[in-house]
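What follows is a single structure, written as structure tokens, with notes after it.
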Amino acid sequence: MDIRIIGLGKMGLNLAYNLLDHGYKVSGFDQNSGIKNEFEENGGQFYSSFEALMEDKEQSSVIWLMLPAGEITNNQVSSCVQAMNQGDILVDGGNSKFTDSQKNGEKAKEQGVYFFDVGTSGGTSGAREGACMMIGGDAEKFEEIRPLFEALCVKDGYFYCGPVGSGHYLKMIHNGIEYGMMQAIGEGFNLIHHGEYDYDLAGVAKVFNNGSVIRSWLMGLTEDLLQEDPDLKDIEGVIPSSGEGKWTAEEMLRQELSAPVITQALLARYASVDEEKYGEKVVASLRNQFGGHEVSKK
Ligand SMILES: O=C(O)[C@H](O)[C@@H](O)[C@H](O)[C@H](O)COP(=O)(O)O
């Protein structure tokens, strides 16, 4: 089975190399033609336009998208399903919102194309060496592409979840959990860093990661970064977010359930990017007005 990948960024390129390692013929398109040489030296075939990629009729019927979530992916799905044949398979391996995937699945179905929404985890190293994937789509058709997931993922690292939407729904919740776990690690290390004992912080992460209840890949990564610079002096405490935490919180509200840890982790990120701190200025000023309490002036 040959694969055409659209979007050869960090994740797409590593997945492509992973497939090439497993003997698949991989071609791809990306707007950045700067990666052409590297991709081709590694065995891929690069196309500089979507049209050129689709024109090559020698290629197989599986197209794999690894694009930024939202408009870019949704538009690409529309272009793909128009250009594909009935029975072809379209995979969205990006971090799309599950409701977008449901709509994209409908668009594909109208053209007789099978759409799979695949939540991909494990970062760039996972994409290269063995990823984790959560897959939604037609159960019967999935059997045709199961070998792809056997090749791309670590042992027991893929899961057929159910109909279109269920793959990205699960990845969304996975990322909500990821937000909460990272926030807890950050808060714990903040307390240790400011506490009364002068711990070797990389040593702390190391012992936490060996035999303890909280051992994890994230703790291993924490050890790596604290080994490099325990004071993190070159890092700004600003935490962007690309949407999955927000969607998890929206889902919590929709279901009228409570997920305070995940939600608080999201709010901590929002607070970290708010440089203006207008709300805090209002509170500090009010406190000054009613109680004469000191306000720190710039
Ligand atoms: O499981 C993973 O491999 C990660 O979750 C991955 O998908 C990515 O790092 C996040 O999408 C970042 O998400 P935020 O920008 O929202 O932190």
(message) If I model a spin label as a point 7 Å beyond the Cα along the Cα-Cβ vector, how far apart are those points for Tyr270 and Ser258 in nm?
(response) 2.0
(request) Compute the accessible area per residue over the stretch 40-84, keeping the other protein chains in place, probe 1.4 Å, unit Å². (result) 50
(request) Would you work out what percent of the accessible area of the chain, with all protein chains in place, is carbon or sulfur (probe 1.4 Å)? (result) 52
(message) Per residue, how large is the accessible surface of the stretch 98-151? Use a 1.4 angstrom probe and give square angstrom.
(response) 42
(message) Need one word for the chain: rounded, prolate or oblate. Basis is the Cα gyration tensor (sqrt eigenvalues a ≥ b ≥ c); a/c below 1.5 gives rounded, then a/b vs b/c decides.
(response) prolate
(request) Please find the FRET efficiency linking Asp2 to Ala83, where r is the Cβ-Cβ separation and R0 is fixed at 22 Å, and quote it to the nearest 0.05. (result) 0.85
(message) Within 10 Å, at most 12 other Cβ atoms, and a DSSP state outside H, G, I, E, B define an exposed site. Report the longest part of the chain free of exposed GluC sites (Glu not before Pro).
(response) 59-195
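The values are calculated or read from the model by the stated rules, or taken from the named source; none is laboratory data. None of these values were measured; they are calculated from a predicted model. No Cβ is skipped: glycine too gets one built from the backbone with ideal geometry, and neighbour counts run over all protein chains shown. To get the accessible areas, we keep the full protein, side chains included, count just its heavy atoms, and leave off ligands, DNA and RNA. Shrake-Rupley method; radii C 1.70, N 1.55, O 1.52, S 1.80 Å.
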